[in-house]
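Below is one structure, written out as C-alpha cells, with a few remarks after it.
The values are calculated or read from the model by the stated rules, or taken from the named source; none is laboratory data. Nothing here was measured: the structure is a model prediction, and the numbers come from that model. So basically every Cβ, Gly included, is an ideal-geometry build from the backbone, and we count neighbours across all protein chains shown.
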Amino acid sequence: LRPDKPSQCTWKPNALHSPHTDRSKLNDRKKVLPDILHAIGQTPMVRLNNIPKSFGIKCEICKCNFTKYFLVGNFDMNLIINIIPVAKCEYMNPGGSVKDRIAFRMIQDAEEKGLLKPGCTIIEPTSGNTGIGLAMAAAVKGYKCIIVMPEKMSNEKVYTLRSLGAEIVRTPTEAAWNSPEGHIATSQKLQKDIPDSVILDQYTNTGNPLAHYDQTAVEIWEQCEGKIDYLVAGAGTGGTISGIGRKLKELSPNIKIIAVDPEGSILAEPPELNNSPLQYYDVEGIGYDFIPTVLDRKVIDKWIKTTDGESFHASRKLIRDEGLLCGGSSGSALLAALKIAKNLSQDQRVVIILPDGIRNYMTKFISDAWMESRNFLNLPQLIKGNEWWW
Ligand SMILES: C=C(NCc1c(COP(=O)(O)O)cnc(C)c1O)C(=O)O
C-alpha cells in the first residue's frame, strides 16, 4: 500500500461482518466500560505447551512424552511427569499486575465506609504494583496519591507511577519492616502530617484477600471448569494465595495450595525452610521479613523456596518459549510448579499465577547485561554440557 498514493488503496472489506469477526468471542467488554478500572479482572488462562515438553512433562495438548533432562534441584533425570500447567495471566490487568484488583477493591470499600472522600490523599507502602494500581485508580477518581517504595524496586515502576501522577517516596531496602526508616513507618509518618490522607494498608486490609476470594478464584474455577488439582502462587502480602486458596478449598477441599517464598524471606513454613543466610534477593513483590496479617498460612499445604537466578531464568523461559510477557515472580511460581511436578499423578492440573509483566523489568532481568552483572546469566547448575537444562 502506498500511503502517498491513497487512490491506489485497493483493499476493502469483503463483507459487513467478516467471518474473522467471530462475534461469539466478543466478551462482555464489547460494551463501553465506564472507566479503565472496570477492565480489571477477567484475565486469560493459558496452557503451557513448550515448557512441559522440555521438562519431560506430558501435557493435555501434546499427549506425548519427552524424555529430556528434568531440571532444578535434585530431580531424577528422564522423569515423565503428567501435569497440566495452566497460567493465569494477571499481568494483563490494565495496570499491569494482579494488584490492580486489590487496589480497586480497597478504594471501593473505603469509599463505601466514608473513609475515602473527594480531595483525600491515598498513601500506601508497596513494592510497586499495588502502588501502580492505586495510582491508576486515583488518576481516574481524582485522588492525590503518595507511594512509599523501597529503593530495591525497579525504575520502571517509578516511571509508571510518575506517569500516573503519583508522588513517590523511596525508603532504604535494608530497613526492617518495623524500622522507622521502613516503607510502612514512613507511610504512617506521612499520614500523620498530611490532612485528609488515608493509608488503605494492603498488609492488614481485608479487601486484599477478599478481592481474590470474590473475584480471582471464581474466574479460575470457571475458566478451569472446576478441574484444578494444584494452585501455585508467590506470596508477598499473601493476599492473592490466601484469598484464592480459601475460595478454591471451599469449592473443592482436595485442592492443594502451594505458596512460593524466596530464599531470604521468612514467610514459609516450617521455619527450618527459612534458614538461608541471604539477607537480600532481587525478585520483586514476594517475600517479607514479617508475616502480613492478611496471609492465612492455614490455607497453604506446602511452601517452596526459590532463588533469584533460577526464577529469572524461568521467567525468561516463559517469555521465550510460551510468549508470556511476565515478570520475575512469575518465574518463581513456574519453578515451584516444576519442583512439585514429580509428585503429581496422571493428568493433574496445576494453575500458576503470573502476577506482573515484563514492563517493570526491562532494564533488570530482561537485560543480559543486568543478568551478567549479578552472575545470573551463566548459572553453572543450570548448564549441562554446552546447553541449558532448561
Ligand atoms: C505486595 C505487592 N506486590 C505483591 C506481588 C506478589 C505477591 O502478591 P500478594 O498478593 O501480595 O502475595 C507477587 N508478584 C508480584 C510482582 C507482586 O508485586 C505490592 O505491589 O505492594
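Lys317 meets the conditions (1) surrounded by 23 or more Cβ atoms within 10 Å (Cβ to Cβ); (2) touching a residue at least 40 places away in the same chain (Cβ under 8 Å); (3) in contact with a Phe, Trp or Tyr (Cβ under 8 Å, 6 or more places away or on another chain) in every case but one. The failed one is (1).
Of the set (1) within 13 Å of the ligand (Cβ to nearest atom); (2) among the aliphatic types (A, V, I, L, M); (3) out of contact with any Asp or Glu (no Cβ under 8 Å at 6 or more places or on another chain), all apply to Ile199 but (3).
Among the residues of segment 352-376, the ones that are assigned to a loop (DSSP other than H, G, I, E, B) and buried (at least 17 other Cβ atoms within 10 Å of the Cβ) come to 5 in all. Scanning segment 253-266 for residues that are touching a residue at least 24 places away in the same chain (Cβ under 8 Å), part of a loop (DSSP other than H, G, I, E, B) and within 16 Å of the ligand (Cβ to nearest atom) returns a single hit, Ile266. Residues that are crowded, with 16+ Cβ neighbours inside 10 Å, in contact with a Leu (Cβ under 9 Å, 6 or more places away or on another chain) and not β-branched (Val, Ile, Thr) number at least 2 in the following strands (runs of 3 or more DSSP E) confined to segment 134-222: 144-150. Within segment 278-294, which residues are touching a strand residue (DSSP E or B) at 6+ places or on another chain (Cβ under 9 Å) and either more than 29 Å from Ile366 (Cβ to Cβ) or away from the ligand (no atom under 16 Å from the Cβ) (or both)? Leu278 - this is the single residue of segment 278-294 that is touching a strand residue (DSSP E or B) at 6+ places or on another chain (Cβ under 9 Å) and either more than 29 Å from Ile366 (Cβ to Cβ) or away from the ligand (no atom under 16 Å from the Cβ) (or both).
Filter segment 185-213 for residues that are without any contact (Cβ under 8 Å) to a residue 60 or more places away in the chain and farther than 23 Å from Glu167 by Cα and give the result. Residue satisfying the conditions is Tyr213 alone.
In this structure, is Glu225 on the phi > 0 side of the Ramachandran plot and out of contact with any Asp or Glu (no Cβ under 9 Å at 6 or more places or on another chain)?
Working: on the phi > 0 side of the Ramachandran plot: yes; out of contact with any Asp or Glu (no Cβ under 9 Å at 6 or more places or on another chain): yes.
Taking the combined requirement at face value, the residue satisfies it.
Across segment 171-208, the number of residues qualifying as within 22 Å of the chain's Cα centre (by Cα) and of a type in the set (D, E, K, R) comes to 1. Condition test on Glu269, is it assigned to a loop (DSSP other than H, G, I, E, B), farther than 25 Å from Met149 by Cα, in contact with a helix residue (DSSP H, G or I) (Cβ under 7 Å, 6 or more places away or on another chain) and not basic (Lys, Arg)? Spelling it out, Glu269 is indeed assigned to a loop (DSSP other than H, G, I, E, B), farther than 25 Å from Met149 by Cα, in contact with a helix residue (DSSP H, G or I) (Cβ under 7 Å, 6 or more places away or on another chain) and not basic (Lys, Arg).
Quick check: is even one residue across segment 231-252 under 21 Å from Ile340 (Cβ atoms), in a loop (DSSP other than H, G, I, E, B) and away from the ligand (no atom under 11 Å from the Cβ)? Looking for residues that are under 21 Å from Ile340 (Cβ atoms), in a loop (DSSP other than H, G, I, E, B) and away from the ligand (no atom under 11 Å from the Cβ), one finds at least one in segment 231-252, hence yes. So, in segment 208-230, of the ones that are within 22 Å of Pro85 (Cβ to Cβ) and among the aliphatic types (A, V, I, L, M), which residue ends up nearest to the ligand (Cβ to nearest atom)? The qualifying residue nearest to the ligand (Cβ to nearest atom) is Ala217. Cβ separations smaller than 9 Å between residues 6+ apart or across chains give the following pairs from segment 31-55 residues that are without any contact (Cβ under 8 Å) to a residue 24 or more places away in the chain to residues that are of a type in the set (A, V, I, L, M) and in a helix (DSSP H, G or I): Leu33/Ala39. Evaluate the following for Leu334: is it assigned to a helix (DSSP H, G or I), within 14 Å of the ligand (Cβ to nearest atom) and either crowded, with 24+ Cβ neighbours inside 10 Å or among the basic types (Lys, Arg) (or both)? Taking the combined requirement at face value, the residue satisfies it.
For segment 344-369, a tally of residues being among the charged types (D, E, K, R) and either modelled with pLDDT of 95 or more or closer than 16 Å to His313 by Cα (or both) returns 4.
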